[in-house]
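See structure below.
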Amino acid sequence: MLPTRIFMTVVVVGGGISGCVAATLLLRRGVSVRVLNSGRRAPGGRLAGGRHPDSGAEFLRLSDAPSQPLLAIVRSLEQAGLLAPWTGRFGMLGSSGFVPAGQTSNADDFCGLVSGAAARAPIYVGTPSNRDICAGLCAAEGIEVQLGKNVRSATYDSSAGWSLALDDGDYHCRGGGAPQVEARCDALILATHDASLASSAVRSASTGGGAPATDAIALATLADALAAQRAGRTAPLFTWSGYYAPGALSSSVPIDAAVVTGSPIVRFLCRDASKPGRPAVRDGLELWTAVSTIEFARATLASAPG
């Protein structure tokens, strides 16, 4: 039996995994929802990667106690062949060699790789690539996704709801370079890493009327916290993909994925073929992916021209 449609328009800003899961949960409850994604190729966010489809976020990990609705989405993705558990030789790689997960402390973990190796918090990857998860989920659920929509601002008025100003078509343009359009909705979900947009939207909600004084104060405090997050809690990372002759690297580094300790450059390393659905070799070569340390990325960006 289909859920009764609720005549409230909800816009989700951001077509990454958070936005697509939020849209799925709403749609399954009968709420009319659409996703605005700044990317022009497909939804995906950090999972979309760059030239190589697995050069973005390397894996997904559920929390230790995921909700039942989230588990239902994971199960449906597994049944559709879009998601699969990733198991293998995980652990820490440092000056003393490789220490398997379960034999080392989780204190120096990377995105839950070591702690997530336990059965209570399995690690997943998309199949055939991480890039396919969000697009596949939206297609399977019938979620409306609008591409190339960069939301510049979101303002709230208690009588009119949310008003969004966005670039239409070419999200790389700034300062009026792209045609601007306006969208309206009853409710808004910000599933984007743009803390500046989130801060201004929450501040607008605090002053747009309709909220009790205590709620308005709480929203204003949250807006300040989001602005501070933009200034102090974001950090860059680089992802690198390299091809080697089969066995050239895997024979000397017999791992599937590892948190690298003590390196000023590399923080995470994995063998692509260990992930479900990936070929053992690509064009006769073995693919490995590395994620940089924050310090290396910051130093590289600081030394870049301009």
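In table form, for the structure just shown:
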quantity	calculated
Cα pair distances in the range 30-110, grouped into 10 Å bins until the bin that holds the longest one, percent each	12, 30, 37, 15, 5, 0
Given the chain, longest segment not containing exposed loop trypsin sites (Lys or Arg not before Pro) (DSSP; at most 16 other Cβ within 10 Å)	234-306
Residue 87 versus residue 215: modelled label distance in nm, points set 7 Å from Cα along the beta carbon direction	4.7 nm
Computed [θ] at 222 nm, deg cm²/dmol, the chain (DSSP H ≥ 4; -39,500 (n - 2.57); rounded to nearest 500)	-8000 deg cm²/dmol
Segment residue 140-residue 76, length gained on full extension (0.36 nm per residue, minus Cα span)	22.1 nm
Binned Cα-Cα distances of the range 188-306, short to long, each 5 Å bin given as a whole percent	2, 10, 13, 13, 11, 10, 10, 9, 8, 6, 4, 2, 1
Separation in nanometres of the label points that stand 7 Å from Cα toward Cβ, at residue 250 and residue 186	5.3 nm
Spacing of the two label points (7 Å from each Cα toward its C-beta) at residue 152 and residue 65, in nm	4.5 nm
Å³ per residue enclosed by the Cα convex hull of the range 24-182	180 Å³
Share of Cα-Cα pairs in the range 254-301 lying beyond 13 Å, as whole percent	60 percent
Accessible surface of the chain [probe 1.4 Å, protein heavy atoms]: carbon and sulfur percent	57 percent
Share, in percent, of DSSP beta bridges within the chain that are antiparallel, nearest 5	70 percent
Computed FRET value (nearest 0.05) for residue 298 with residue 224, which takes r as the C-beta separation and R₀ as 22 Å	0.30
Charge dipole (debye, nearest 20) of the range 207-297; +1 at Cβ of Lys and Arg, -1 at Cβ of Asp and Glu	120 debye
Backbone HN-Hα couplings from phi across the range 218-228 [Karplus 6.51/-1.76/1.60, Hz, Gly and Pro as x]	5, 5, 5, 5, 5, 4, 5, 5, 5, 4, 5
Rounded tilt (10° steps) of 68-79 against the dominant C-alpha axis of the chain	60 degrees
Rule-of-thumb Rg ratio for the chain [Cα; 2.2 N^0.38 Å; N residues]	1.10
The range 20-89-the range 250-306 distance, computed between alpha-carbon centres (Å)	23 Å
Surface per residue (accessible, 1.4 Å probe) for the chain, Å²	50 Å²
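The values are calculated or read from the model by the stated rules, or taken from the named source; none is laboratory data. In this text, all values refer to a predicted model and were calculated from it rather than measured experimentally. Please note: Cβ atoms are built from the backbone with ideal geometry, for glycine as well, and neighbour counts cover all protein chains shown. Just so you know, the surface numbers come from the protein's heavy atoms only, side chains and all, with ligands and any DNA or RNA stripped out. Shrake-Rupley method; radii C 1.70, N 1.55, O 1.52, S 1.80 Å.
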